[in-house]
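The structure appears below as structure tokens.
The values are calculated or read from the model by the stated rules, or taken from the named source; none is laboratory data. Predicted model, so just to flag it, every value in this text is computed and none were measured. Methodologically, a virtual Cβ is constructed for each residue, glycine included, from the backbone with ideal geometry; neighbour enumeration extends over all protein chains shown. Heavy atoms of the whole protein, side chains included, go into the accessibility calculation; ligands, DNA and RNA do not. Shrake-Rupley method; radii C 1.70, N 1.55, O 1.52, S 1.80 Å.
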Amino acid sequence: MLACAFNRQEQETKSEIISELELLADTAGYEVLDSISQTLDVPNPKHYLGTGKLKELKRLIQVYEPDVVFIRHNLTPSQRKNLIRELGIEIIDRTQLILEIFEKHAFTLEGKLEVELARLRYELPFFKGKGGELSNPGGGIGTRGPGEKRLELDRRKALQRMAFLKKELKKLQLDRQIMRKKRQKVGMPLIALVGYTNAGKSSLMNRICESGVLVEDKLFSTLDTRIRKSKLPSGREVLIIDTVGFIRELPHQLVESFRSTLEEISYADFLLVVVDASTPNEDGRLRVINETLVEIKAADVPKMLVFNKIDKCTNERIQFLEGKFPESVFVSALKDINIDELKHRLDKAINEMRERYVLRMKIGDYEEVLKIRGKLEILSEKFNGDSVEIEYITDNVTNKRLLNRLKEAGR
């Protein structure tokens, strides 16, 4: 069963939000029997839904006898307690549902640690507010019941576990930084596939790189960062990176826990923003993508819009999108349509990013140049006393990074 509250501004996307929640439930292995929704300025603070809709939901539960009710928004501890009391059934909100999917799809150590940390971050507030429910009602003034003591112990254990997970993830983040520096020394441009979940990024990666990355028609089938090498028509070799997809109202616990993974996108030289052409409301999905890129500090990375799954579109739909987004590339990773055109466009875009620069610095600052020398085409080096002037060709992203490194070092 699905229960959704909507504000008046969301009416145009109401069916899409319900469909997305249904797909999340399906991905987690549940069968959706029915849904109920209500338009409210804000969700009811006591029961999430209003009194009348709550009674209607009770009747539906009597008819269908479901195992669980999924809630579109995150619930407060009191809302959860009140709903369980009224409905007598398990309640799962949106973040819980996404966490359940993430737990099933996390295969690497880093992915598993990130998901566990996200779950603990989500559950921590629920260690409060249950004391009255669990404590000894006979306790005197100033005393604490056994339930409250147990909650304090559980909360302490959770905080200790979170501290351990953060420490372990910090170690893995350092390993990731070492690997990133090794990639940068090689000098191959890094292309990141980003987009809404289930837009076909992994399928597209397989076509571009001729690799065998797991492909599933489900949300969040990719959680762990994957990098493959590809050769573009000019002979230039590039690295293609694929990571977790975005989604509307991505829980902040997940963004925080997966920040080091998502951070890889901000280090890319170029982004391929992949959108499912067969799904309506492309503006809404692009807005989610752009907001997420801002949050992970990747909004300024050069990008190209790629509409995938055109094999599922009518000619009218494709013509509409072509008129609306004339600079985009339209492909089908599944049917291998226009993949060569995408490679040519990508090759051209990367080549056009490269410019000639001249930089003068103190001789002691030259070590910063050496750290990324593999990404620079050095044309000349002129040493004069305690200074050096270099002329080089590179893309503007790499040049900005070099200038920032010099600035951060106080040079």
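One table, with the values for the structure above:
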{"read-out": "Test: residue in region 348-359 that is in contact (Cβ under 8 Å) with a residue 12 or more places away in the chain, of a type in the set (Lys, Arg) and either out of contact with any Asp or Glu (no Cβ under 9 Å at 6 or more places or on another chain) or under 29 Å from residue 16 (Cβ atoms) (or both)", "value": "no"}
{"read-out": "Sole exception among (1) surrounded by 15 or more Cβ atoms within 10 Å (Cβ to Cβ); (2) closer than 22 Å to residue 109 by Cβ; (3) among the hydrophobic types (A, V, I, L, M, F, W, C) for residue 194, by number", "value": "(2)"}
{"read-out": "Residue among 211, 203 that is modelled with pLDDT under 75, of a type in the set (Ser, Thr, Tyr), within 30 Å of residue 333 (Cβ to Cβ) and open to solvent by 20 Å² or more (accessible area, probe 1.4 Å)", "value": "211"}
{"read-out": "Scope region 311-329; condition among the hydrophobic types (A, V, I, L, M, F, W, C) and open to solvent by 20 Å² or more (accessible area, probe 1.4 Å); matching residues", "value": "313, 318, 320, 325"}
{"read-out": "Subset of region 358-378 (residues that are more than 36 Å from the chain's Cα centre (by Cα) and in a helix (DSSP H, G or I))", "value": "363, 364, 365, 366"}
{"read-out": "Residue ID - farthest from residue 210 (Cα to Cα), chosen from residues in region 317-332 that are of a type in the set (Val, Ile, Thr) and outside any loop (DSSP other than H, G, I, E, B)", "value": "318"}
{"read-out": "Counted residues, region 253-276 - those being out of contact with any Ser or Thr (no Cβ under 9 Å at 6 or more places or on another chain), at pLDDT below 90 and either under 21 Å from residue 228 (Cα atoms) or open to solvent by 10 Å² or more (accessible area, probe 1.4 Å) (or both)", "value": "7"}
{"read-out": "Residue check, residue 148 in contact with a Gly (Cβ under 8 Å, 6 or more places away or on another chain) and at pLDDT 55 or above", "value": "yes"}
{"read-out": "Residue pairs meeting the criteria (Cβ under 6 Å; at least 6 apart or on separate chains; first free of Cβ contacts under 8 Å to residues at least 12 places away in the same chain, in region 62-79; second of a type outside the set (Lys, Arg))", "value": "none"}
{"read-out": "Hits in region 87-109 (condition: assigned to a helix (DSSP H, G or I) and open to solvent by 30 Å² or more (accessible area, probe 1.4 Å))", "value": "96, 100, 103, 104, 109"}
{"read-out": "Criterion: under 14 Å from residue 30 (Cα atoms), among the β-branched types (Val, Ile, Thr) and at pLDDT 90 or above - qualifying residue of 101, 91", "value": "91"}
{"read-out": "Candidate set: region 51-79, residues that are crowded, with 20+ Cβ neighbours inside 10 Å and touching a strand residue (DSSP E or B) at 6+ places or on another chain (Cβ under 6 Å); chosen: the one farthest from residue 31 (Cα to Cα)", "value": "79"}
{"read-out": "Residue, surrounded by the fewest Cβ atoms within 10 Å (Cβ to Cβ), within region 367-411, restricted to residues that are in contact with an Asp or Glu (Cβ under 9 Å, 6 or more places away or on another chain) and free of Cβ contacts under 8 Å to residues at least 24 places away in the same chain", "value": "380"}
{"read-out": "Subset of region 34-50 [open to solvent by 70 Å² or more (accessible area, probe 1.4 Å) and at pLDDT 90 or above]", "value": "45, 46"}
{"read-out": "One residue from 118, 25, 5 being touching a Pro at 6+ places or on another chain (Cβ under 9 Å), part of a helix (DSSP H, G or I) and open to solvent by less than 40 Å² (accessible area, probe 1.4 Å)", "value": "118"}
{"read-out": "Residue 335 assigned to a helix (DSSP H, G or I), exposed (fewer than 14 other Cβ atoms within 10 Å of the Cβ) and of a type in the set (D, E, K, R)", "value": "no"}
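The rows are residues; the columns are (1) modelled with pLDDT under 90; (2) touching a Leu at 6+ places or on another chain (Cβ under 7 Å).
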{"position": "77", "(1), (2)": "yes, no"}
{"position": "81", "(1), (2)": "no, no"}
{"position": "126", "(1), (2)": "yes, no"}
{"position": "162", "(1), (2)": "no, yes"}
